[in-house]
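The values are calculated or read from the model by the stated rules, or taken from the named source; none is laboratory data. Predicted model only: the values in this text are computed from it and were never measured. Backbone-built Cβ (ideal geometry, glycine too); neighbour counts: all protein chains shown. Just so you know, the surface numbers come from the protein's heavy atoms only, side chains and all, with ligands and any DNA or RNA stripped out. Shrake-Rupley method; radii C 1.70, N 1.55, O 1.52, S 1.80 Å.
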Protein chains: 2
Amino acid sequence: MTTTSYPEPVLVPARQARSVLLRTGDRLRITDVAGGQVGDVFAYHADDLTEQHSAAHTRTHTSRLFPALGEAFVTNRRRPILTYLADTSPGDHDMLIAACDPERYAAYGDPGHASCAENLIRALAERGHPAPSHIPQPINVFMRIPVAADGALSWLAAPTRPGDAITLRAEMPCLVVVSSCPQDHNVINGAGPSPLSLTVLTTEEKNR
Amino acid sequence: MTTTSYPEPVLVPARQARSVLLRTGDRLRITDVAGGQVGDVFAYHADDLTEQHSAAHTRTHTSRLFPALGEAFVTNRRRPILTYLADTSPGDHDMLIAACDPERYAAYGDPGHASCAENLIRALAERGHPAPSHIPQPINVFMRIPVAADGALSWLAAPTRPGDAITLRAEMPCLVVVSSCPQDHNVINGAGPSPLSLTVLTTEEKNR
């Protein structure tokens with residue numbers, strides 16, 4: 001029996017982001033530690049960040065606002081990058097709302113507030129990548145934005161319970177950035193920003 | 001009385017794109033000449049193309065899948081760029097589906113087919129701009145993609161009648177590219193791709 005390394009989970013502190021590198025077949029479990037927390041997820045081809053997850057292309061691919069379990073998220077080149085593999089949360093996720101950014105908090109009269117856009121830029125810099133010219137539409141896990149029949153969007157608190165998790169499988173080598181959304185000017189993060197946890201399950205791990 | 005120039009309408013041939021430069025306050029009327037034709041609309045700040053319409057930011061701004069009449073489309077810097085001023089069409093428009101691109105037609109087994117993404121790149125080149133690294137989610141005027149309660153998207157034929165038009169007002173100096181979508185592998189363009197027409201109504205024109 002092969003001894004396999006099992007990496008320690010990566011804590012994503014409240015209001016911050018962390019990144020993980022996945023090989024094809026690796027699974028990434030994103031856990032809402034305390035419950036009620038939105039995670040902004042960005043996925044890039046590990047070797048060529050110009051190929052990246054695209055919400056518009058994923059909607060076109062799946063003919064859904066958000067993939068169903070077993071379906072793939074695809075890139076701006078229409079190739080699968082992550083598969084929506086498992087989910088112990090109530091299943092509310094969003095792929096319509098932009099990452100919060102300095103302009104968002106300036107409009108609240110709160111300049112200097114942490115944001116998912118800046119968290120992404122910082123996480124990419126820590127991996128040696130320059131600031132991107134485009135902030136992609138994130139996969140907003142655990143974010144509850146119901147769409148009414150007339151197209152109106154509601155902003156509700158994340159209904160996640162402590163320990164709820166979503167699991168994604170890498171379909172190409174990829175760099176995934178997860179930001180514990182620092183939004184505290186509306187209700188999306190329930191009682192307030194809290195940490196997430198990232199667990200990488202390797203291919204070997206899956207088979208033992 | 002000041003004599004004002006009234007530019008000739010710009011014909012957007014089927015399967016091609018054209019662009020117009022708008023000053024703040026100018027209005028752009030996009031007319032579906034023969035009916036049943038989708039237009040992919042891209043809007044950039046005329047002096048700085050890194051600022052551009054962003055569907056994700058517009059949804060966040062309006063809390064709707066598509067703005068209501070009188071509401072604004074905003075940029076990736078959360079500033080109004082176009083206002084949805086008037087509409088004589090049935091009112092079906094989409095802001096969820098990606099621009100068609102070479103990868104889309106390659107998947108149909110039809111490489112070399114014209115696409116809105118390439119049309120955008122060509123239209124920008126004709127204005128002296130390099131190929132963009134990011135193809136924005138377009139404003140797909142006259143495109144009928146209803147969203148079911150479970151988030152499923154349907155692809156239906158554009159319900160526009162000949163002469164139906166949507167009018168947008170520029171809220172900043174902007175370069176707007178409109179592509180007569182060449183998609184003919186599904187039903188969105190009804191009987192097949194056909195032309196659109198662009199009419200710029202200047203501020204002076206509006207007041208005379």
| request: Sort out which residues of the stretch A:100-118 are assigned to a loop (DSSP other than H, G, I, E, B), of a type in the set (G, A, S) and surrounded by fewer than 20 Cβ atoms within 10 Å (Cβ to Cβ), and write them in order of number. | output: A:G109, A:G112
| field | Which numbered condition A:I97 misses (of (1) closer than 21 Å to A:L153 by Cα; (2) not in a loop (DSSP other than H, G, I, E, B)) | value | (2)
| field | Residue identified as over 24 Å from B:A158 (Cβ atoms), open to solvent by less than 10 Å² (accessible area, probe 1.4 Å) and of a type outside the set (S, T, Y) among B:D40, B:D26 | value | B:D26
| Within the stretch A:133-156, which residues are within 30 Å of B:P132 (Cα to Cα) and more than 9 Å from every other protein chain (Cβ to nearest Cβ)? | A:I139, A:N140, A:V141
| Lone qualifier among A:Q137, A:Q183 - being open to solvent by less than 10 Å² (accessible area, probe 1.4 Å) and part of a loop (DSSP other than H, G, I, E, B) | A:Q183
| message | So in the stretch A:50-70, with the set limited to residues that are more than 10 Å from chain B (Cβ to nearest Cβ) and either assigned to a strand (DSSP E or B) or in contact with a His (Cβ under 8 Å, 6 or more places away or on another chain) (or both), which one is surrounded by the fewest Cβ atoms within 10 Å (Cβ to Cβ)? | response | A:E51
| Residues (more than 14 Å from chain A (Cβ to nearest Cβ) and part of a helix (DSSP H, G or I)) located in the stretch B:119-132 | B:N119, B:R122, B:A123, B:L124, B:A125, B:E126
| Among the residues of the stretch A:75-91, which ones are over 14 Å from the mean Cα position of the chain (by Cα), within 14 Å of another protein chain (Cβ to nearest Cβ) and outside any loop (DSSP other than H, G, I, E, B)? | A:T75, A:P80
